[in-house]
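The values are calculated or read from the model by the stated rules, or taken from the named source; none is laboratory data. Only a predicted model underlies this, so the values are computations on that prediction, with no experimental measurement involved. Please note: Cβ atoms are built from the backbone with ideal geometry, for glycine as well, and neighbour counts cover all protein chains shown. Side chains are part of the model used for accessible areas, which takes the heavy atoms of the whole protein and leaves out ligands, DNA and RNA. Shrake-Rupley method; radii C 1.70, N 1.55, O 1.52, S 1.80 Å.
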Amino acid sequence: MRVDIVTIFPDYLSPLELSLVGRARARGILDVHLHDLRQWADDVHRSVDDAPYGGGPGMVMRPQPWWAALTEIRALGAADGRRPRIVVPTPVGRPFTQAYAADLADVPWLVFCCGRYEGIDARVIDEWADDEISIGDYVLAGGEVATLVILEAVTRLLPGVVGNAESVTDDSFTDGLLEAPVYTRPAVWGDREVPAVLRSGDHAAIGRWRRAEALRRTAQRRPDLLARQDQAAADDGSGGA
Ligand SMILES: OB(O)c1ccc2cc[nH]c2c1
């Protein structure tokens, strides 16, 4: 997978050199290219923002640098007919979910546009954005952190990235439920003991316990996920969670 990231703060993306994503890059599974938006700004001051039409607080990112940047990046694929999927992290986007991550993990070339200030001029979004993605109902100062979040969730789904493939298929949300609690040694920590079933060696019983705990946790913390499961089951005629 190739990933291009356009930002006015390239250093904000330095965590992509570390850990899971860093290892995927070192192994050639992920090919990340960072671009400073200012290199495409057409004025001597390399300006990327201007006052908002209609007034209001803050500044808006100018269309010219973005248009030039995305035109040049998209042209990289012209020779062999490749076209990138252009992603804009934004608080007003479609909610990012595990299913969305799986969708993006199948895309060979992603381009992330990291907005700042009050956002990017709407004409850029209208023309270029394939996906506007929100990572939650709160507002960050820019798209860089959201890009890190999205990229980590997508990268761990790429073949060969996570050693034990099961730890991906058993993820929270993969089956629509929150994961059951996890434990490791020692069997007793202070006055707290690991549930006996997990030390029983009875894998069928362990599976039942984990499913029950996942359902209990999901009902307690995310009843919306259960409602979604029930609706999906109703739609396809199966039994539900
Ligand atoms: O919360 B966010 O995901 C987000 C994304 C992009 C921009 C640009 C300015 N503020 C932003 C916030």
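So VAL92 fits all but one of (1) within 16 Å of the ligand (Cβ to nearest atom); (2) not in a strand (DSSP E or B); what number is the exception? Result: VAL92 fails condition (2) only. For region 42-62, does any single residue satisfy the condition of being open to solvent by less than 40 Å² (accessible area, probe 1.4 Å), away from the ligand (no atom under 15 Å from the Cβ) and touching a helix residue (DSSP H, G or I) at 6+ places or on another chain (Cβ under 7 Å)? The answer is no, given that none of the residues of region 42-62 is open to solvent by less than 40 Å² (accessible area, probe 1.4 Å), away from the ligand (no atom under 15 Å from the Cβ) and touching a helix residue (DSSP H, G or I) at 6+ places or on another chain (Cβ under 7 Å). Looking for something touching an Asp or Glu at 6+ places or on another chain (Cβ under 7 Å), open to solvent by less than 10 Å² (accessible area, probe 1.4 Å) and at pLDDT 95 or above - is there at least one such residue anywhere in region 92-102? Looking through region 92-102, none of the residues is touching an Asp or Glu at 6+ places or on another chain (Cβ under 7 Å), open to solvent by less than 10 Å² (accessible area, probe 1.4 Å) and at pLDDT 95 or above. Here the condition is being open to solvent by less than 50 Å² (accessible area, probe 1.4 Å) and either of a type outside the set (A, V, I, L, M) or assigned to a loop (DSSP other than H, G, I, E, B) (or both); of GLY160, GLY81, it holds for GLY160 alone.
When ILE120, ILE125 are checked against the criterion of being of a type in the set (A, V, I, L, M), more than 9 Å from the ligand (Cβ to nearest atom) and either over 15 Å from the mean Cα position of the chain (by Cα) or closer than 19 Å to ARG2 by Cβ (or both), ILE125 stands alone in meeting it. Candidates VAL145, VAL154, VAL149, VAL168: the one that is modelled with pLDDT of 95 or more and under 14 Å from ALA102 (Cβ atoms) is VAL154.
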